[in-house]
Amino acid sequence: MIMDREKRLAAHIKARPHLRDIFEFQHRIEEIWNSSSPDDFLPVVCLSEPDVRQRMKEGTPLIDRPLFSKISLTNSESQMRRILTVMKTGGGEREVLASKMASYLRGSGRGEAWFIRSILAHDDGFLDRVSQETEVPGPLLLHLLRMSLRISFERLHETLRTVLRNLDWDYPLCPVCGAAPSIGQTISPDERRYFCYFCSFSWLAHPPEGCPSCGLIDPDRVNLLYKHPEENQGILACEGCFSYLKVVDQRYAEEDLDSDFQEILGIHLDLAAMEMGFHPLGQPPGRAEIIVRPGIDSPKF
Ligand SMILES: [Zn+2]
Ligand SMILES: [Zn+2]
């Protein structure tokens, strides 16, 4: 499995030299994942069947974020430290930002676990304050966080996939963590697989006609736009609410979609969408780092 991924990464690097730096960085992050252990996130989810059913019905994700203040984050902490080290040795802007972040953590005297916990369990204003103080952009801080939590979330997903099997969830937000999907994969005319921006969970949904965010059905204003006609990915953009979702059409392709690689392959689409004035689905303009907190925020689609 790991070898397959390595081969696919190498093939992407060869085929797309302009993305080489980003794919190589991804490769080094994956080396950290492959040599680390996950933390146990199960205690932040209530697994009682009536509770799960109720949540699925109401559109409330399974994670109770305040509970992150009560669990051990030792492994995630050491992964964040290792990721910062990789960033610091890479040169360029990445190195500058990682140094700023590392010296902020040293200066705070509290370390990575405190940083992770403060974002997940408490208040989103914390991320803004750190971003202002360190001059590291909020979306990059959140990217650092999601890379540090990835393998722990994946382990949690293994359990939750069984729990969530056969339950309907057609909301355009992640049933596990509540974040918005960053990619929609067309499976058939009435089935779409969404990939969560934050925890990487993926789920099948029956998308509504038109805009998944505001529900507008107007073929003149809700459109699938392709930057290059030969690409199998584009953006589903809505001129009603100005949100967009990257959509990959793999109805005829054999290959499973890998959301990490697809994110990199779709960077030009994000840039194009934002240039045209659209913002990512589920995220208010200028606040790409917001994650809906179950039980604290009301979900905004
Ligand atoms: Zn998620
Ligand atoms: Zn819309």
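The values are calculated or read from the model by the stated rules, or taken from the named source; none is laboratory data. Everything numeric in this text was worked out from a predicted model, so none of it was measured. So basically every Cβ, Gly included, is an ideal-geometry build from the backbone, and we count neighbours across all protein chains shown.
Brief remarks follow.
- Some residue of region 197-218 being small (G, A, S), within 16 Å of ligand 2 (Cβ to nearest atom) and either surrounded by fewer than 18 Cβ atoms within 10 Å (Cβ to Cβ) or within 30 Å of N34 (Cβ to Cβ) (or both): yes
- Condition check for F115: touching a helix residue (DSSP H, G or I) at 6+ places or on another chain (Cβ under 7 Å) and either assigned to a helix (DSSP H, G or I) or in contact (Cβ under 8 Å) with a residue 12 or more places away in the chain (or both): yes
- Any hit, region 173-191, residues being within 16 Å of ligand 2 (Cβ to nearest atom) and outside any loop (DSSP other than H, G, I, E, B): yes
- Which numbered condition A180 misses (of (1) more than 16 Å from ligand 1 (Cβ to nearest atom); (2) surrounded by 14 or more Cβ atoms within 10 Å (Cβ to Cβ)): (1)
- When region 38-66 is filtered for residues that are within 20 Å of the chain's Cα centre (by Cα) and not charged (D, E, K, R), the ones remaining, listed by number, are P38, F41, L42, V44, V45, G59, T60, P61, L62, I63, P66.
Let's see how each residue does on (1) assigned to a loop (DSSP other than H, G, I, E, B); (2) surrounded by 14 or more Cβ atoms within 10 Å (Cβ to Cβ); (3) not charged (D, E, K, R):
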| position | (1), (2), (3) |
| --- | --- |
| H228 | yes, no, yes |
| L236 | no, yes, yes |
| K246 | no, yes, no |
| E263 | no, yes, no |
| M274 | no, yes, yes |
| G277 | yes, no, yes |
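- Qualifying residue in region 206-224 (condition: more than 16 Å from ligand 1 (Cβ to nearest atom), basic (K, R) and either modelled with pLDDT under 85 or within 28 Å of P66 (Cα to Cα) (or both)): no
- Here S188 fulfils each of the conditions (1) among the small types (G, A, S); (2) under 30 Å from S103 (Cβ atoms); (3) assigned by TED's automatic domain parsing to the domain that holds S259 apart from (2).
- Evaluation of V96 against the conditions (1) loosely packed, with under 12 Cβ neighbours inside 10 Å; (2) modelled with pLDDT of 90 or more shows that the sole unmet condition is (1).
- Residues that are assigned to a helix (DSSP H, G or I), surrounded by fewer than 18 Cβ atoms within 10 Å (Cβ to Cβ) and at pLDDT below 95 within region 56-79 comprise K57, E58, P66, L67, S69, K70, listed in sequence order.
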